[in-house]
Amino acid sequence: MRKLNKILLVDDDSTSNFLTQMILEDLQVADAIIVKKNGQEALDYINELCLQHNEDCPELIFLDINMPIMDGFELLDELQRLNKLHNPDSPITVVLLTTSNNPKDIEKAKTYDITYYIEKPLTEDSIRHLLSKTYNV
């Protein structure tokens, strides 16, 4: 199976991050798994890594909705702006990974260019399905 270069996990829940990271590491789906605690940390990381240093951006972002400082929807707004300005031909794949099953969040998510909306917890089956559909692996 082809490995992704980097996966960015954006969530303020340490327990969820630990479990998600363990599953991703066990499946050996990426060379690196980066964890950020809120949207602003993730945006700063992406700006520095991808735009200032021209390194490989994460291919996949697992993004929570409800976080302090900058929530998932605010980060999605910024990512869409960045993709249009800097990387229109290969946008970053974003998966909302959240505990929210609120119909308003689900409807709002449909207005963004996201690949999947997955309710926590992330499972091996959901990762395999995501990778096979999105990356043909």
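The values are calculated or read from the model by the stated rules, or taken from the named source; none is laboratory data. Everything numeric here is computed off the predicted structure, so don't read it as measured data. Here Cβ is always computed from backbone atoms with ideal geometry, including for glycine, and neighbour counts include all displayed protein chains.
Overview of values
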| quantity | calculated |
| --- | --- |
| Criterion violated by ARG128 - all others in (1) under 23 Å from LEU4 (Cα atoms); (2) modelled with pLDDT of 85 or more; (3) under 15 Å from the mean Cα position of the chain (by Cα) satisfied | (3) |
| Residues (buried (at least 16 other Cβ atoms within 10 Å of the Cβ) and aromatic (Phe, Trp, Tyr)) located in the stretch 113-137 | TYR116, TYR117 |
| The stretch 94-104: number of residues that are at pLDDT 90 or above and either touching a Ser or Thr at 6+ places or on another chain (Cβ under 6 Å) or surrounded by 18 or more Cβ atoms within 10 Å (Cβ to Cβ) (or both) | 4 |
| Residue selected from the stretch 48-65 under the condition modelled with pLDDT of 85 or more and of a type in the set (Asp, Glu), by the criterion surrounded by the most Cβ atoms within 10 Å (Cβ to Cβ) | ASP64 |
| Residue match in the stretch 67-87 (condition: farther than 30 Å from LYS104 by Cβ and either exposed (fewer than 14 other Cβ atoms within 10 Å of the Cβ) or in contact with a helix residue (DSSP H, G or I) (Cβ under 6 Å, 6 or more places away or on another chain) (or both)) | yes |
| Qualifying residue in the stretch 11-24 (condition: farther than 24 Å from ASN136 by Cα and touching a helix residue (DSSP H, G or I) at 6+ places or on another chain (Cβ under 6 Å)) | yes |
